[in-house]
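The block underneath contains the structure these notes are about, expressed in structure tokens.
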Amino acid sequence: MDKIRIGTRKSQLALWQARKVSDLLKSRGLRTEIVSLSSGGDRSLGGDLSSAVGQFIHSIDAELKNDNIDIAVHSAKDVPVTYQEGICNLAYLERGCTNDLLIFNDSTKGLRLKELLSTNTETSVDDALEIIPINGMVGSVSGRRQSFVLSRRPDVIPISARGDIETRLSKLKQGRFDAIILAEIGIKRLSEDGLLDDNFLNLNAYRIEEKDWPTAPGQGAIAVHCKTENREKFREVGEILNHKNTRVNVENERLILQQLGGGCLFPCGINATGSQINATIAPSNWREVYSVGMRFPLIEFEGEISSFNVVIENQRIAQIESSGSGPKIVSTLNSDRLSRNLILSGINVVNLPVLDLEPLANNWPSEFIDRSIPKNKWPFLVLTSPFAARCAVEIAKENKDISRLQWIAIGEGTARACFKQGVTVSLCAKSRNSEELFKFLDSTFDKSTEFLLPRSSVSKDNLFNNLKNVGFNVTIWTGYRNKSRVVDECDISGSDVLLLSSPSSAKSWEENGLPIPRNILCMGQTTKEAVESTPFFAGSKVEALQGPTSEFLKMWWNQRRSVEDESSTKDK
């Protein structure tokens with residue numbers, strides 16, 4: 001037989017897998033050559049994977065069709081449930097471990113990664129997730145991992161963790177997130193061959209029990225593809241490489257995944273052992289449920305594959321209303337998550353949006369990426385509000401290059417607005433205003449970094465000017481218009497509290513001539529300054545939020561109630 005050309009991606013793990021295939025074939029007297037290639041997934045940094053199913057697979061398999069390689073080596077979990085026309089699976093190598101690891105910087109919890117890999121110690125999901133602080137950030141773009149975490153911890157913010165294993169762990173070390181979830185098998189394979197730096201192996205981790213956290217279909221297995229017409233030609237190759245039990249288990253997992261109508265990004269875990277399967281699946285609207293701050297139950301099945309008949313449905317989102325009596329917060333933010341959180345804490349809230357968003361699509365650049373430069377030199381898209389997030393998602397439907405970029409959210413609300421629409425941001429600055437966002441960007445990035453900054457039609461240029469003044473390359477444009485909404489009436493009394501989300505909201509409130517209570521809370525110093533400079537709001541006490549929105553509002557409200565109760569007692 002001629003020398004067998006083995007196609008693979010260029011990452012350390014992909015090359016490890018190709019060498020494994022090569023070594024098995026060489027041990028049986030066959031000659032091989034490893035051909036490393038770039039895939040579509042390697043040419044993207046963004047957190048929107050919805051349009052990139054099979055991104056690590058198709059471009060490599062295309063080289064099979066072009067006869068530039070003889071076989072292609074893939075991680076089985078990345079392979080779509082439907083093969084490209086003219087491509088088939090030749091073999092599955094013996095499967096490795098299928099656990100996920102939760103890895104973090106805190107050296108006081110869990111075990112050092114290099115110690116954990118030498119043990120069989122497992123930790124329950126709930127115990128493992130305790131390492132993540134309230135409103136903490138977890139690195140993962142996997143729908144399965146994200147949904148499994150958020151079903152238990154709706155406070156957590158998912159952050160995109162793209163790149164090879166070393167790149168992802170570097171982002172953890174840099175503090176982009178509080179923890180990251182990775183497949184154990186990849187780390188194990190690299191560490192056993194001395195390909196993972198001790199700097200990473202000294203991180204701490206938990207191995208998550210698979211009972212309540214089943215693996216992704218195919219995880220831990222290596223798939224080998226060939227052209228369908230060459231299946232017989234490479235029959236000997238397939239016999240050398242194929243592991244029968246692995247093939248049975250992986251194909252059963254893929255069969256269930258196909259029945260569910262999903263692909264490699266589908267939010268489910270399926271672990272097959274022969275004809276027995278253990279499956280856990282998120283409800284269809286899990287992103288929406290998370291966006292309002294609710295926990296959601298996962299659908300679980302354990303039994304014979306022949307009896308699998310799970311139907312995935314939407315979880316009902318129960319509406320929670322204020323008691324209807326007593327003082328209330330009237331919020332222009334229109335956040336279901338915030339209002340639900342406050343109402344459950346005994347605070348009456350009414351959402352009253354006073355703005356409409358109008359994307360200005362023609363103002364957006366037509367080209368975002370210079371493909372002649374390395375990916376790590378590509379610009380970052382900076383989003384300064386949930387409005388900006390919604391607009392970017394809309395524009396990205398027409399210009400896919402936007403989805404290839406890394407997105408930075410000013411705060412949690414903007415990050416969650418992106419996530420609800422299917423995009424996981426790469427960074428969340430957790431900033432309350434443009435001044436704090438500037439400090440975050442200035443302290444986090446090298447001055448050679450380029451930022452793309454879509455702004456509203458009424459935004460000031462403070463952030464742009466501050467970034468330019470310290471040496472950053474910034475492109476700014478008016479990406480959307482905040483239009484005042486006509487509001488006919490508003491039930492608000494002097495004892496209520498008005499929460500204004502932006503200077504535009506304050507302007508719309510004035511244009512509508514709506515009643516003004518004695519207390520006004522503003523999101524950000526810029527909004528506070530806009531309100532204080534407007535005679536319409538004269539006579540009200542104006543304050544800016546001093547912390548994360550819901551936490552500060554609860555504290556502020558309770559302190560206010562205590563003062564009012566004390567004053568009422570003195571009057572008596």
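The values are calculated or read from the model by the stated rules, or taken from the named source; none is laboratory data. A quick note: this is a predicted structure, and the numbers were derived from the prediction, not measured. Every residue, glycine as well, gets a Cβ built from its backbone with ideal geometry; the counts of neighbours run over all protein chains shown.
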- prompt: Since Gly293 meets every condition but one in (1) on the phi > 0 side of the Ramachandran plot; (2) loosely packed, with under 15 Cβ neighbours inside 10 Å, which condition does it not meet?
  reply: (2)
- prompt: Is it fair to say Lys447 is modelled with pLDDT of 95 or more and outside any loop (DSSP other than H, G, I, E, B)?
  reply: no
- request: Determine whether region 282-290 contains at least one residue that is in a loop (DSSP other than H, G, I, E, B), under 27 Å from the mean Cα position of the chain (by Cα), in the same structural domain as Ser59 (by TED's automatic domain parsing) and buried (at least 20 other Cβ atoms within 10 Å of the Cβ).
  value: yes
task: Would you check if there is a residue in region 338-357 being free of Cβ contacts under 8 Å to residues at least 12 places away in the same chain, assigned to a loop (DSSP other than H, G, I, E, B) and over 30 Å from Glu398 (Cβ atoms)?
output: yes
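Select, from Arg390, Arg416, Arg432, Arg455, the only residue that is among the basic types (Lys, Arg), crowded, with 22+ Cβ neighbours inside 10 Å and over 21 Å from Asp370 (Cβ atoms).
Values: Arg390 fails: crowded, with 22+ Cβ neighbours inside 10 Å; Arg432 fails: crowded, with 22+ Cβ neighbours inside 10 Å; Arg455 fails: crowded, with 22+ Cβ neighbours inside 10 Å.
The unique qualifying residue is Arg416.
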- request: Working carefully through the options Leu437, Leu441, find the one that is touching a Ser or Thr at 6+ places or on another chain (Cβ under 6 Å), modelled with pLDDT of 90 or more and part of a helix (DSSP H, G or I).
  value: Leu437
statement: Of the residues in region 117-144 that are part of a loop (DSSP other than H, G, I, E, B) and of a type in the set (S, T, N, Q), the one that is farthest from Phe296 (Cα to Cα) is Ser118
- request: Of all residues in region 202-253, count the ones that are hydrophobic (A, V, I, L, M, F, W, C) and either more than 24 Å from Arg9 (Cα to Cα) or in contact with a Cys (Cβ under 9 Å, 6 or more places away or on another chain) (or both).
  value: 9
query: How many residues does region 465-478 contain that are buried (at least 18 other Cβ atoms within 10 Å of the Cβ) and either under 17 Å from Asn363 (Cα atoms) or not assigned by TED's automatic domain parsing to the domain that holds Pro379 (or both)?
result: 2
field: Sole exception among (1) in a loop (DSSP other than H, G, I, E, B); (2) outside the structural domain of Ser124 (by TED's automatic domain parsing); (3) under 30 Å from Ser107 (Cα atoms) for Leu196, by number
entry: (2)
message: Out of Ser142, Ser160, Ser147, I need the residue that is among the small types (Gly, Ala, Ser), farther than 30 Å from Asn309 by Cβ and surrounded by 19 or more Cβ atoms within 10 Å (Cβ to Cβ). Which one?
response: Ser160
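Output the residues belonging to region 384-407 that are of a type outside the set (S, T, N, Q), outside any helix (DSSP H, G or I) and either under 15 Å from the mean Cα position of the chain (by Cα) or not assigned by TED's automatic domain parsing to the domain that holds Phe445 (or both).
Once the filter is applied, which keeps residues that are of a type outside the set (S, T, N, Q), outside any helix (DSSP H, G or I) and either under 15 Å from the mean Cα position of the chain (by Cα) or not assigned by TED's automatic domain parsing to the domain that holds Phe445 (or both), region 384-407 yields Leu405, Trp407.
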- line: Scanning region 200-243 residue by residue, those closer than 30 Å to Ser151 by Cα and of a type in the set (Ser, Thr, Tyr) turn out to be Tyr206, Thr215
Only one of Thr527, Thr569 that is at pLDDT below 95, assigned to a helix (DSSP H, G or I) and crowded, with 18+ Cβ neighbours inside 10 Å: Thr527
message: Just to be sure before I move on: is Val354 closer than 30 Å to Arg455 by Cα, over 27 Å from the mean Cα position of the chain (by Cα) and modelled with pLDDT under 95 in the structure I sent?
response: no
query: Any idea which of (1) under 26 Å from Glu239 (Cα atoms); (2) among the hydrophobic types (A, V, I, L, M, F, W, C); (3) under 28 Å from the mean Cα position of the chain (by Cα) is the one Ile71 doesn't satisfy?
result: (3)
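Okay, residues lined up against (1) in a helix (DSSP H, G or I); (2) within 27 Å of the chain's Cα centre (by Cα); (3) at pLDDT below 95:
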{"position": "Gln146", "(1), (2), (3)": "yes, yes, no"}
{"position": "Leu172", "(1), (2), (3)": "yes, yes, no"}
{"position": "Ile185", "(1), (2), (3)": "yes, yes, no"}
{"position": "Asp212", "(1), (2), (3)": "no, yes, yes"}
{"position": "Thr215", "(1), (2), (3)": "no, yes, no"}
{"position": "His225", "(1), (2), (3)": "no, no, no"}
{"position": "Glu229", "(1), (2), (3)": "yes, no, no"}
{"position": "Gly238", "(1), (2), (3)": "yes, no, no"}
{"position": "Thr246", "(1), (2), (3)": "yes, no, no"}
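Residue check: is Glu450 within 28 Å of Glu529 (Cβ to Cβ), among the charged types (D, E, K, R) and outside the structural domain of Ser502 (by TED's automatic domain parsing)?
Details: within 28 Å of Glu529 (Cβ to Cβ): no; among the charged types (D, E, K, R): yes; outside the structural domain of Ser502 (by TED's automatic domain parsing): yes.
So Glu450 fails the test.
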query: So which residues in region 408-433 are in a loop (DSSP other than H, G, I, E, B) and within 9 Å of the chain's Cα centre (by Cα)?
result: Gly422, Val423, Thr424, Val425, Ser426
